[in-house]
1. Within the set of pairs 6 or more residues apart or between chains, which connect a residue that is closer than 19 Å to D:GLU55 by Cα and open to solvent by 20 Å² or more (accessible area, probe 1.4 Å) inside the range B:63-92 to a residue that is aromatic (Phe, Trp, Tyr) and at pLDDT below 95 with Cβ atoms less than 9 Å apart?
2. Would it be correct to say that C:LEU91 is modelled with pLDDT under 95, aliphatic (A, V, I, L, M) and under 30 Å from B:VAL86 (Cα atoms)?
3. Return only the number of the condition from (1) more than 21 Å from D:GLY34 (Cα to Cα); (2) open to solvent by 30 Å² or more (accessible area, probe 1.4 Å) that C:ARG16 does not satisfy.
4. I'd like the full set of residues that are in a helix (DSSP H, G or I) and farther than 30 Å from A:LEU83 by Cβ, limited to the range A:30-59.
5. Could you please find all residues in the range B:27-57 being more than 19 Å from A:GLU58 (Cβ to Cβ) and open to solvent by less than 30 Å² (accessible area, probe 1.4 Å)?
6. Can you pull out every residue in the range B:1-26 that is more than 7 Å from chain A (Cβ to nearest Cβ) and over 19 Å from A:ASN50 (Cα atoms)?
7. How many residues are away from chain C (no Cβ under 11 Å) and assigned to a helix (DSSP H, G or I) when one looks only at the range A:60-84?
There are 4 protein chains.
Amino acid sequence: MSHTTKDKAKLLARVRRIRGQVEAVERALEADIGCADVLMLVASVRGAVNGLTAELMEEHIRHHVVDPAREPDSDRARGAQELIDVVRTYLK
Amino acid sequence: MSHTTKDKAKLLARVRRIRGQVEAVERALEADIGCADVLMLVASVRGAVNGLTAELMEEHIRHHVVDPAREPDSDRARGAQELIDVVRTYLK
Amino acid sequence: MSHTTKDKAKLLARVRRIRGQVEAVERALEADIGCADVLMLVASVRGAVNGLTAELMEEHIRHHVVDPAREPDSDRARGAQELIDVVRTYLK
Amino acid sequence: MSHTTKDKAKLLARVRRIRGQVEAVERALEADIGCADVLMLVASVRGAVNGLTAELMEEHIRHHVVDPAREPDSDRARGAQELIDVVRTYLK
């Protein structure tokens, strides 16, 4: 089962934003700005990587395990939705 | 106090490696490889970002707070070394 | 669907071990042992909490979403197994 | 150098709160409440453990490395304050 074009575009936009943030860290190191400021930039990379992870796990659950919105078995649908909520809580 | 040229080169090499890993995630998404494989690539980005964070914190402690190798006050030198060890444990 | 008695016993044993580790942190603080040693004890609590999280997520996937060992749809079975592997990688 | 009685009381209160949260996880497992609810309780333990870690690192920096409020060398004072801010950002 393949992901929709729209989901893929959204994920790619996230990854490109992360690449931009990593390039900002690179420029900050080259420009000798203070360590503490570089560390704050790196913290924002980490946050964005966690966000991407949550998004990819959610995609994986919906497309390759159980999609809560389409599953006829209501116990499974609820189980999958709870799992998505837990993943978001852990990675936000 | 400025960092040494050698330390800066090492940090830049780490950041460029992370940029390369992020580009690999981007190519993987474009090539429609499976979600689970993309997630494993993203896990390696996360590990590398943690490694960079530990390295930058250690640099910050040595250059802007207390360098255990040069500090004449032995209590402070030990405190700074313990802090570096703790940071490594938490971010490895 | 309820979890097996064996799974529940294993999870309870993990939680009780974590409680014991937290009590060790408490005793360490009361005994005024060094900060750095307390931090190392807290790092081990964190590791154990991550391990419990991974175990609980795996249980949830198996019992409330899709059990890879019993699922007749092979795509779903593979998707669920990949998800379990990803959760283990992220929380180990 | 020993920590103040007030700081110690605050840290002990935090650890006891975490012990209470771990006991709530134990009771929840014994009572067979749903996995997803147990996972949310465990997420709150994790958050509290991160908070305790940040507090202990800050204490360690102030008491065993450099206290920004008492350090006569203004570069060191600033470096230590930045480090405390970074630790809080990473562990909040």
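The values are calculated or read from the model by the stated rules, or taken from the named source; none is laboratory data. The structure presented is a predicted model; accordingly, all values stated were derived computationally and were not measured. Virtual Cβ from ideal backbone geometry, glycine too; neighbours counted across all protein chains shown. Protein only, heavy atoms only, side chains kept; ligands, DNA and RNA dropped before computing areas. Shrake-Rupley method; radii C 1.70, N 1.55, O 1.52, S 1.80 Å.
1. Sorted first by the residue in the range B:63-92, then by its partner, the pairs are B:LEU91/D:TYR90.
2. Against the criterion (modelled with pLDDT under 95, aliphatic (A, V, I, L, M) and under 30 Å from B:VAL86 (Cα atoms)), C:LEU91 qualifies.
3. (1)
4. A:GLU30, A:CYS35, A:ALA36, A:ASP37, A:VAL38, A:LEU39, A:MET40, A:LEU41
5. Of everything in the range B:27-57, those that are more than 19 Å from A:GLU58 (Cβ to Cβ) and open to solvent by less than 30 Å² (accessible area, probe 1.4 Å) turn out to be B:ALA48, B:VAL49, B:GLY51, B:LEU52, B:THR53, B:ALA54, B:LEU56, B:MET57.
6. Those that are more than 7 Å from chain A (Cβ to nearest Cβ) and over 19 Å from A:ASN50 (Cα atoms): B:MET1, B:HIS3, B:THR4, B:THR5, B:LYS6, B:ASP7, B:ALA9, B:LYS10, B:ALA13, B:ARG14.
7. Of the residues in that region, 1 qualify.
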